1. Calculate, for Ala74 and Asn45, the FRET efficiency according to 1/(1 + (r/R0)^6) with r their C-beta to C-beta distance and R0 45 Å; round to the nearest 0.05.
2. Please report, in cubic angstrom per residue, the volume enclosed by the convex hull of the alpha-carbon atoms of the stretch 58-138.
3. Considering every Cα-Cα pair within the stretch 30-183, what fraction, in whole percent, is farther apart than 24 Å?
4. Among His88, His144, which comes first, second and so on when ranked by fewest other beta-carbon atoms within 10 Å?
Amino acid sequence: MSIANVARRVAVALLAVVVGAAAADHSPGPKLGVPADAALVSAWNLSIFPDGRGLPEGQGDAVAGQMVYRARCANCHGPEGEGGSGGHLVGRSALDDPDPDQTVGNYWPYATTLFDFIRRAMPMDKPASLSNDEIYAVSAYLLHLNGIVGREQLLDARSLPRIRMPNRDGFIGIDAPLPRSGN
């Protein structure tokens, strides 16, 4: 028998072993991690909807938010939300300008979306590390810098969804009805 035939037979045998092992394992998927139990799913179920469903207890205003912002946000977003590596948060130009910044003040349709994003993703170096009170406060501060709420206006689960963002009507709902424009 030639070396080529032996090599072919070894390759076929190895292939048969690999295919046989794969066929013996009938469970789908890549077999990574462990199944998520109800407690884990509940802990990560952080969805907040435009109408305020899902907002947690807590409260904050721009006065408190300024302190949190300076400590946890200013390094990336600049001292007043107008720059840095994290981009602008304060809207200074219109969306129909040739090169507009899409910021909290001129782009985001719902204040609840701001809370949701901060809660899940910020600060970038330690996501989901802010308390609910800190998130309400930073949200208030950013909304204040954008001229949407007063400096001492208290935000919580009832007041945040009632804020009318300047670009609220600039989006079309595709997978769920949007809250009415009059809110």
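All of the numbers you see were taken from the coordinates with simple rules; none came from a lab. The structure presented is a predicted model; accordingly, all values stated were derived computationally and were not measured. Backbone-built Cβ (ideal geometry, glycine too); neighbour counts: all protein chains shown.
1. Values: r = 31 Å, r/R0 = 0.68.
According to the calculation, E is roughly 0.90.
2. Values: hull volume 7.1 nm³, N = 81.
With only Cα atoms used, the stretch 58-138 gives 87 Å³ per residue.
3. On the way: 4120 of 11781 pairs.
Cα-Cα pairs in the stretch 30-183 separated by more than 24 Å: 35 percent.
4. His88, His144
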